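The values are calculated or read from the model by the stated rules, or taken from the named source; none is laboratory data. Every value quoted in this text rests on a predicted model; they were computed, and no experiment measured them. Cβ sites come from the backbone with ideal geometry, for glycine too, and all protein chains shown count toward neighbours.
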Amino acid sequence: MEKEKIDYEQELINDIALFEKDPLGFVYYAFPWGEKSLKDKEPEEWQIELLNQIKSKLEQGESVNEVIQTAVASGHGIGKSALVAWLILWAISTYDDSKGVVTANTDRQLMTKTWPELTKWYQMCITKHWFKCTATAIYSAETEHEKTWRIDAIPWSISNTEAFAGLHNEGKRIIVIYDEASAVDDKIWEVTEGALTDANTQIIWCVFGNPTRNTGRFRDCFRRLKHRWFTKQIDSRTVNITNKEQLQKWIDDYGIDSDFAKVRVRGMFPSMSAKQFISVEDVDMAFGKHLREEQFNFAPKILSVEPAWEGDDPLIIGIRQGLAFRILRKIPKNDNDIEIANIVAQLEDLEQADGVVIDQGYGTGIVSAGRTMGRDWMLVCYSSSSPEPGYKNLRAYMWGKMKEWLKSGGAIPSDQEMYDDLIGPETIPTMDGVIQLEAKKDMKARGIPSPNKGDCLAQTFAFNIQKKNKNPFSKGNLKFAVHEIDLWG
């Protein structure tokens, strides 16, 4: 009897070893499909495709040179928690001393949904006796491997990133999983990305979630960083196990094109997040748009300078004429005001600009240097009062006018940084209901860079600048915008 047990265990070890690079094969082998709770159940088509994608990358040997990165955005009820459980059990069962971390948008999600789903599948798994599964971890049942062969459930915190910074397991396997990834702070993404650098190591990073926000790193997996990720967006209506009646009720109540239906049913990112000031749709309409010269050449040219705020921020110089905006220069932080003033003066003459506006924050020295050259440049004080009611300050006013300009047909260059800048800032609720934008330091705290290019364009709406006469140094043509600003001029 003892010999039969030993023979069975060795056969199991040999069989499981065959699935080192085949997570789908493991799923079919390790669970009692067709029996009890799995009667009439089988993996969904999207789950099969994702598992086979990982298999393909592993067989190509890609993970030892580049992290295998998979991102899934979906509506509700598609079975992503089950897939997360399968990936965890496959990763830890098929490779000795595998290590990993699983996190979610909230502690509650992680501890009441993600991990209980793992526990359910662990109880059915043929390799269950190899591991111990607690409320916060699954690890080897062999005492000597408890710390080296484990996957932990760890709530994320931007004030405590050690668990994500210490993801090293050189020469073996690392797996990282985010559940409801849209709400995981961008800082955790950055720390994770920086930690997954071990050479000759199988590294797999999978992120799942409802696409609740159209900014941030989860959104970037499907846009700016799409070339780095295998991505899949899943409509809940295409999955066998979903409640089709409830999904249809949502569509009937909110509309097929509503953000609610996009996020909860169709697996699409919303047009506009709850706090987002400028929508993706408005920026999409302007992005890379080409205008005929007669559509803007009648309007004054407004040169805008947005100095660098911190060491990693660039100085941006741009110009707007009517509905057309261009970036002229992007310069690393430069504290030589005279040097920058000379560059601005050259561009003012070259472009025959009708006015020059510069952010007062770090631009006072540039304006002073310009005045010694006889230049009539204007400082923009973001914190000053708005010339119109409904805005907390001049910054909110400028961004509000820029938002109207985008809706009116404005054109911006095909510049991903500028795209991200425009959709980045969020609003802050106020007691009096006026529009207030979050501070740059608050944007940086949530992993969003300072919107330098966005501010560069916004500044062009600070003053009502008229076309000059032929004398490039004539004065008296610059007036503060007390009433409505002409979006075409």
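How many of the residues making up region 405-415 are of a type outside the set (Ser, Thr, Tyr), over 12 Å from GLY322 (Cα atoms) and touching a Phe, Trp or Tyr at 6+ places or on another chain (Cβ under 9 Å)?
Step one: of region 405-415, the residues of a type outside the set (Ser, Thr, Tyr) are 405-407, 409-413, 415.
This time we only want the ones that are over 12 Å from GLY322 (Cα atoms), so: 407, 413, 415.
From what is left, the residues that are touching a Phe, Trp or Tyr at 6+ places or on another chain (Cβ under 9 Å) are 413, 415.
Counting residues in region 405-415 that are of a type outside the set (Ser, Thr, Tyr), over 12 Å from GLY322 (Cα atoms) and touching a Phe, Trp or Tyr at 6+ places or on another chain (Cβ under 9 Å) gives 2.
Any chance region 365-383 includes a residue that's crowded, with 20+ Cβ neighbours inside 10 Å and small (Gly, Ala, Ser)?
Among the residues of region 365-383, at least one is crowded, with 20+ Cβ neighbours inside 10 Å and small (Gly, Ala, Ser), which makes the answer yes.
What are the pairs with Cβ atoms under 6 angstrom where one residue, in region 41-56, is farther than 24 Å from ARG228 by Cβ and the other, located anywhere, is outside any helix (DSSP H, G or I)? Sequence gap at least six, or different chains.
As it stands, the answer is GLU44/GLY79; GLU44/VAL239, since those pairs meet every condition given.
Give ASP253, ASP282 a once-over and let me know the one that is over 21 Å from the mean Cα position of the chain (by Cα) and of a type in the set (Asp, Glu).
ASP253
Residue by residue, here is whether (1) among the aliphatic types (A, V, I, L, M); (2) outside any strand (DSSP E or B); (3) buried (at least 18 other Cβ atoms within 10 Å of the Cβ) holds:
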residue	(1), (2), (3)
ILE302	yes, no, yes
ALA308	yes, yes, yes
ARG329	no, no, no
LYS333	no, yes, no
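Looking only at residues that are surrounded by fewer than 16 Cβ atoms within 10 Å (Cβ to Cβ) and within 22 Å of ILE48 (Cα to Cα) in region 197-232, which one is nearest to the chain's Cα centre (by Cα)?
Top of the filtered list is LYS226.
Examine region 164-174 for a residue that is crowded, with 16+ Cβ neighbours inside 10 Å, over 20 Å from PRO23 (Cβ atoms), assigned by TED's automatic domain parsing to the domain that holds ASP220 and under 23 Å from the mean Cα position of the chain (by Cα), and state whether such a residue exists.
Yes: one or more hits.
Within region 52-143, which strands (runs of 3 or more DSSP E) (wholly inside it) include 1 or more residues that are among the basic types (Lys, Arg) and surrounded by 21 or more Cβ atoms within 10 Å (Cβ to Cβ)?
99-104
Is it true that SER182 is surrounded by 15 or more Cβ atoms within 10 Å (Cβ to Cβ), of a type in the set (Gly, Ala, Ser) and free of Cβ contacts under 8 Å to residues at least 12 places away in the same chain?
no
Given (1) under 24 Å from ASP186 (Cβ atoms); (2) aliphatic (A, V, I, L, M); (3) touching a Lys or Arg at 6+ places or on another chain (Cβ under 6 Å), identify the lone condition not met by ALA439.
Only one criterion in (1) under 24 Å from ASP186 (Cβ atoms); (2) aliphatic (A, V, I, L, M); (3) touching a Lys or Arg at 6+ places or on another chain (Cβ under 6 Å) is unmet by ALA439, namely (3).
Tell me which of these ASP354 doesn't satisfy, since it passes every other one: (1) farther than 30 Å from GLY433 by Cβ; (2) free of Cβ contacts under 8 Å to residues at least 40 places away in the same chain.
So ASP354 meets the others, but not (2).
Quick check on region 412-430. Is at least one of its residues part of a loop (DSSP other than H, G, I, E, B), among the hydrophobic types (A, V, I, L, M, F, W, C) and at pLDDT below 90?
No; the residues of region 412-430 include none that is part of a loop (DSSP other than H, G, I, E, B), among the hydrophobic types (A, V, I, L, M, F, W, C) and at pLDDT below 90.
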